[in-house]
């Protein structure tokens with residue numbers, strides 16, 4: 001059977017098994033190296049209140065929140081998109097696999 005991608009859709013190389021993570025949207029178990037990862041900064045303070053407090057000189061802490069998505073959910077939310085084989089080849093030639 002032909003391979004669609006050189007990396008088989010993963011970034012593990014020759015590491016063996018990787019741990020499974022759960023998709024934060026649908027709950028599917030996905031290998032960590034295959035999951036689409038998005039990290040956003042989260043502030044527990046309301047944005048309007050935080051703006052006022054920062055004007056007065058207060059420091060508002062923000063926490064990084066990392067979310068893992070399966071490929072299906074990442075496509076649905078627009079984090080990644082389906083590309084043709086020519087487009088994937090062009091990206092590889094430019095040195096940008098993603």
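I'm checking my understanding of the structure. Among residues of the stretch 59-75 that are without any contact (Cβ under 8 Å) to a residue 40 or more places away in the chain and not in a loop (DSSP other than H, G, I, E, B), which one is farthest from the chain's Cα centre (by Cα)? Talk me through it step by step, then tell me what you get.
Within the stretch 59-75, the subset without any contact (Cβ under 8 Å) to a residue 40 or more places away in the chain is 59-66, 74-75.
Then drop every residue that is not not in a loop (DSSP other than H, G, I, E, B), which leaves 63-66, 74-75.
Numbers: 63: 17, 64: 13, 65: 12, 66: 8, 74: 8, 75: 11 Å.
Per the stated criteria, the residue is 63.
Screening 9, 27, 16 for residues that are within 22 Å of the chain's Cα centre (by Cα), assigned to a loop (DSSP other than H, G, I, E, B), loosely packed, with under 14 Cβ neighbours inside 10 Å and touching a residue at least 40 places away in the same chain (Cβ under 8 Å) leaves exactly one candidate, 9. Every listed requirement among (1) surrounded by 14 or more Cβ atoms within 10 Å (Cβ to Cβ); (2) in contact with a strand residue (DSSP E or B) (Cβ under 8 Å, 6 or more places away or on another chain) is met by residue 33 save one, (2).
Restricted to the stretch 30-58, and to residues there that are within 21 Å of the chain's Cα centre (by Cα) and in a loop (DSSP other than H, G, I, E, B), the residue that is nearest to residue 88 (Cα to Cα) is 34. Restricting to the stretch 36-81, and then to whatever is under 18 Å from residue 26 (Cβ atoms) and touching a helix residue (DSSP H, G or I) at 6+ places or on another chain (Cβ under 8 Å), can you tell me which residue is surrounded by the fewest Cβ atoms within 10 Å (Cβ to Cβ)? Residue satisfying both the conditions and the ranking: 80.
FYI, it's all coordinate maths here, none of it is from the lab. Please read all numbers here as calculations on a predicted model, not as lab measurements. Cβ: placed from backbone, ideal geometry, glycine included. Neighbour counts: every protein chain shown.
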